[in-house]
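Undergrad: Below are the structure tokens for one structure; questions will follow.
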């Protein structure tokens, strides 16, 4: 079995390429453990949350929005970036985003998982929660002012169909639908 | 229901920030559908594949490797980037990566899903396949020369435990373990 030192790539030099609002981009020259050097393109991101909100009618609340990198409109679970002040408390981000994007609050937020989305070049980490016992907020916090969102509530079958048609097409949402289906199986048997 | 035009963000100006080997980075100024402008940070990527290889003993073949953006060693399903010549045929990438990373070939590669990993800023798309009826290759293609890999075979319970300990921590692999568990439920009932 190999040790950590047999894998580790130590940075020889790090070059900053871009400091953005959402991402920072770096180019590293690294020393390979077996000798030699290589380049590593790196995108640093502060991370985010995704929420799986299930209504009393057993429907999944989803958000339709335009995604510039894809140049299309897609259906996703509610999600958002962790704000600087929320760093150590992603559950706060989850409650905030749930309210901003769906207009619901909950006392029942459950941690499911955390996952790096693209570990080959990025450290972006997503925390995933489920939310049940949803309560409609009378005057919900405003949505981000540069986002157009439309809300939908889907049954499991409708969500699976939306994966087939490609309207649902991102990793966190496909994971969420799979997780929801598996959860229903586990409660059934 | 809103129309596409109510969502679309048209690019006013695109600025190239970095052209890399793996990613290209751009900064767009976009016209918002409700008026006004905003910036969009964009990372373009040629996409990749992930493979869920299941042995005859019902174990999942996984790869241990160092991921520079995370500065740690993690356990993932075999995966790799789509080469320029493979663009329209990700199943070719899957067969190549399966052989390079695990030393196995298969005639039974099944398409499962395709998913955008981080649609907020990137167009990176991952095609996921399962591979069964694995056959050991006598002289497998060489691994990439800047990668140190170690192979493991895990049962479902071991894989679930590795998610708990954080050794498995990326979206495609957590999805794969969930998918495998759901598949076993479906075959059982």
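Bear in mind that the values in this text are calculations on the coordinates, not laboratory data. What you are looking at is a predicted structure, and each value in this text was computed from that prediction instead of being measured. In this analysis, Cβ positions are derived from the backbone assuming ideal geometry, glycine residues included, and neighbour counts consider all displayed protein chains.
Undergrad: Going 7 Å from Cα along the Cα-Cβ axis for the label, what nanometre distances separate residue B:188 from the same residue across the other copies?
TA: Result for residue B:188, in nm, nearest copy first: 1.3.
Undergrad: Distances from residue A:161 to the same position in the other copies: list them in nm, one decimal, shortest first, using label points 7 Å from Cα along Cα→Cβ.
TA: Values, ascending and in nm: 4.2.
Undergrad: Another one. Can you list the equivalent-ellipsoid semi-axes of the protein assembly as shown, largest first and in whole Å, using the square root of 5 times each Cα gyration tensor eigenvalue? Before the final figure, lay out each step's value.
TA: Values: eigenvalues 215, 142, 73 Å².
Whole-Å semi-axes of the equivalent ellipsoid: 33, 27, 19.
Undergrad: Once the Cα atoms of helix B:171-188 and of chain B are each reduced to a long axis, what angle between those two axes, in degrees from 0 to 90 to the nearest 10, is obtained?
TA: Once rounded, the angle reads 50 degrees.
Undergrad: For A:1, B:34, what's the fewest-to-most ordering of other Cβ within 10 Å of each Cβ?
TA: The fewest-first ordering by Cβ neighbours comes to A:1, B:34.
Undergrad: Using only atoms on other chains, find how many Cβ atoms lie within 10 Å of each Cβ of peptide B:148-160 and report the average.
TA: Whole-number average of other-chain Cβ neighbours for B:148-160 is 1.
Undergrad: Once the label point is set 7 Å along the Cα-to-beta-carbon vector, what list of distances in nm do you get between residue A:38 and its counterparts in the other copies?
TA: Label-point separations across copies, in nm and ascending: 3.6.
Undergrad: Compactness ratio of segment A:116-158: Cα Rg over 2.2 N^0.38 Å, N = residue count?
TA: 1.70
Undergrad: Further question: If you rank B:25, A:49 by fewest surrounding Cβ atoms within 10 Å, what's the result?
TA: Going from least to most buried by this count: B:25, A:49.
Undergrad: Using the count of nearby Cβ atoms within 10 Å as a rough guide to exposure, how do A:165, A:11 rank from fewest to most?
TA: A:165, A:11
Undergrad: Further question on the same structure: Compute the angle between helix A:90-102 and the longest alpha-carbon principal axis of chain A, please, reported from 0 to 90 degrees and rounded to the nearest 10.
TA: Long axis of A:90-102 versus the principal axis of chain A: about 50 degrees.
Undergrad: Follow-up. Can you tell me the relative contact order of segment B:100-189? Whole percent, Cα pairs under 8 Å, sequence separation 6 or more.
TA: Numbers: 79 pairs, mean separation 22.5, N = 90.
For segment B:100-189, the relative contact order is 25 percent.
Undergrad: Can you give the convex hull volume per residue for the Cα atoms of segment B:1-99, as a whole number of Å³?
TA: So the per-residue Cα hull volume is 194 Å³.
Undergrad: Any chance you could list P(r) for chain B, counting all Cα-Cα pairs in 5 angstrom bins from zero, rounded to whole %?
TA: Binned Cα distances yield the sequence 1, 7, 13, 17, 17, 14, 10, 8, 6, 4, 2, 0, 0.
Undergrad: Divide by every residue of chain B the summed helix terms, -39500 (n - 2.57) for each DSSP H run of at least 4, and state the resulting mean residue ellipticity at 222 nm, rounded to the nearest 500 deg cm²/dmol. Please list the in-between numbers first.
TA: Working: 4 runs with 45 residues, N = 189.
Roughly -7500 deg cm²/dmol at 222 nm, from the helical runs in chain B.
Undergrad: Let me ask another. Obtain the nm distance between the two label points defined at residue A:110 and residue B:133 by a simple spin-label model: each point lies 7 Å from its Cα along the Cα-to-C-beta direction.
TA: Here the answer is 4.0 nm between the modelled labels.
Undergrad: Nearest 5 is fine: what % of DSSP beta bridges in chain B come out antiparallel, could you say?
TA: Details: 41 of 48 bridges.
For chain B, the DSSP antiparallel bridge percentage is about 85.
Undergrad: Mind jotting down the distance between the C-alpha centroids of segment B:144-180 and segment B:99-117, whole Å?
TA: Between the Cα centre of segment B:99-117 and that of segment B:144-180, the gap is 15 Å.
Undergrad: Another question, then. Quick check: from the Cα gyration tensor, does segment B:5-52 come out rounded (a/c under 1.5), prolate or oblate?
TA: oblate
Undergrad: Also, I was wondering about something else. How many partner chain Cβ atoms sit within 10 Å of a residue's Cβ in peptide B:57-68, on average, as a whole number?
TA: For peptide B:57-68, the averaged partner shielding equals 3.
Undergrad: Against the longest principal axis of chain A, how steep is helix A:156-165, in degrees 0 to 90 to the nearest 10, with axes from Cα atoms?
TA: Its long axis makes an angle of about 50 degrees.
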